[in-house]
1. Report the full-extension gain for the segment Ser33 to Glu45: residue separation times 0.36 nm, less the Cα-Cα distance, to one decimal in nm.
2. If I take all pairs of Cα atoms in the chain, what percentage of them are more than 29 Å from each other?
3. Using a Förster distance of 22 Å, how high is the FRET efficiency between Arg238 and Arg113, based on the Cβ-Cβ distance and rounded to 0.05?
4. Based on the Cβ-Cβ distance from Lys190 to Thr266, what FRET efficiency comes out when R0 is 22 Å, to the nearest 0.05?
5. Provide the packing ranking of 115-128, 16-29, i.e. peptides ordered by the mean count of other C-beta atoms within 10 Å per residue, highest first.
6. Quick check: the angle from helix 151-160's long axis to the longest principal axis of the chain, C-alpha only, nearest 10 degrees?
7. State whether the stretch 152-297 is rounded, prolate or oblate according to the following rule on the C-alpha gyration tensor (a ≥ b ≥ c being the square roots of its eigenvalues): a/c under 1.5 gives rounded; otherwise a/b larger than b/c gives prolate, and the remaining case gives oblate.
8. Can you give me the Cα centroid spacing of the stretch 176-193 and the stretch 203-234 in angstrom?
Amino acid sequence: MYLVTGATGGLGKRIVRLLRDRDLPVRAFVRLSSNYAELEQRGAEIFIGDLNRERDLRKAFRGVRYAISTHGSRGTGSQIQDIEYGANIDLIDFGKEAGIEHFVYISVLGVDRGYRDSPVFKAKREVENYLQTSDLTYTILRPSGFASNLLPLAERFRSTGIYLAIGDLNNRTSIVSTDDLAQIAVDSVKVEAASNRIFAVGGPEIIARDEIPKIFGRVFNKEPIVLNVPLTVFDGVRTALGWVNPDLQQSLGTLRVLLANEFFCTSDEIHTLESTFGIHMESLESFLRRYLVSQES
Ligand SMILES: NC(=O)c1ccc[n+]([C@@H]2O[C@H](COP(=O)([O-])OP(=O)(O)OC[C@H]3O[C@@H](n4cnc5c(N)ncnc54)[C@H](OP(=O)(O)O)[C@@H]3O)[C@@H](O)[C@H]2O)c1
């Protein structure tokens, strides 16, 4: 049995789909308020719980061999601490207690650069350290930005031709196909060379951010209108928000880190990934074309 947290998220649902396509048993950890009907229809066992409740986490491990932690928090302050850090520490402890064989953790590219302004990066770094010294067999995946995040922006571009970007458009990225990442996460427990390893996970090409509207333009055969908001404007809004909501200001630190820095994998890292997992990483353009025809998200 596979336990998947964040099973209704962009990545988690793809992991559940893949496991069910392979006819493997999966327990999807979801909240009562989550949209989990599709997972149920695909034959996943639905476990209703809250990652904040230790009791739920412990119970969810009954009969589990492999855990894949994909959840994340869109909240602020203490919610980030509880979900990104606390829930993962509990999952590691209870997984160990339950004698699971492998723990797959979704971290983030650049987590080891010590960004102090981002509570999410800090939490993920601490979880990585905890997992590495836990005696559990693990795989840590450090992905760049997910291609699936761009689908709503692409849809907006389709109708308006407008692409809104904050920060330096020359910053480079290697956006990863969320489907490739799901496959790597699932295969991590079976590929021997993935045990007790950390992998940077990105798409096959390094692109400057100004390439993204050009790709949209090619996909929809439309000349892009790019609106570029300087990072200083974002900083001003964030500071103003801090006067009324300091928690929100702090949690926007993660977005700022993402906007202000480059997140891409080197060709060596992609080669390691492709040879270890026997996968050919999909380009952003191919991902977008595939989804914007099939309409699945
Ligand atoms: N998106 C990216 O570009 C990116 C890049 C690098 C790394 N990552 C990391 O990759 C992972 C997956 O990201 P994603 O974009 O797929 O996440 P996502 O779409 O934001 O999904 C988050 C998931 O966590 C669940 N969750 C949150 N709080 C919960 C709680 N208290 N109890 C139970 N479930 C809870 C959500 O459930 P509900 O449906 O109920 O809200 C949802 O299923 C995250 O760890 C993220 O930090 C993401």
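Nothing in this text is a laboratory measurement; each read-out follows from the coordinates by a stated rule. The shown structure was predicted, so the numbers you read here are calculated from the model rather than taken from an experiment. Backbone-built Cβ (ideal geometry, glycine too); neighbour counts: all protein chains shown.
1. Values: separation 12, 0.36 × 12 = 4.32 nm, distance 1.63 nm.
Stretched fully, the Ser33-Glu45 segment lengthens by 2.7 nm.
2. Details: 15638 of 43956 pairs.
Value for the chain (Cα pairs over 29 Å): 36 percent.
3. 0.60
4. Details: r = 26 Å, r/R0 = 1.17.
Step by step, r from the Cβ atoms, then E = 0.30.
5. With the highest mean Cβ count within 10 Å placed first, the list reads 115-128, 16-29.
6. That helix lies at roughly 30 degrees to the long axis.
7. On the way: a/c = 2.14, a/b = 1.33, b/c = 1.61.
Taking the square roots of the gyration eigenvalues as a ≥ b ≥ c, the stretch 152-297 is oblate.
8. 28
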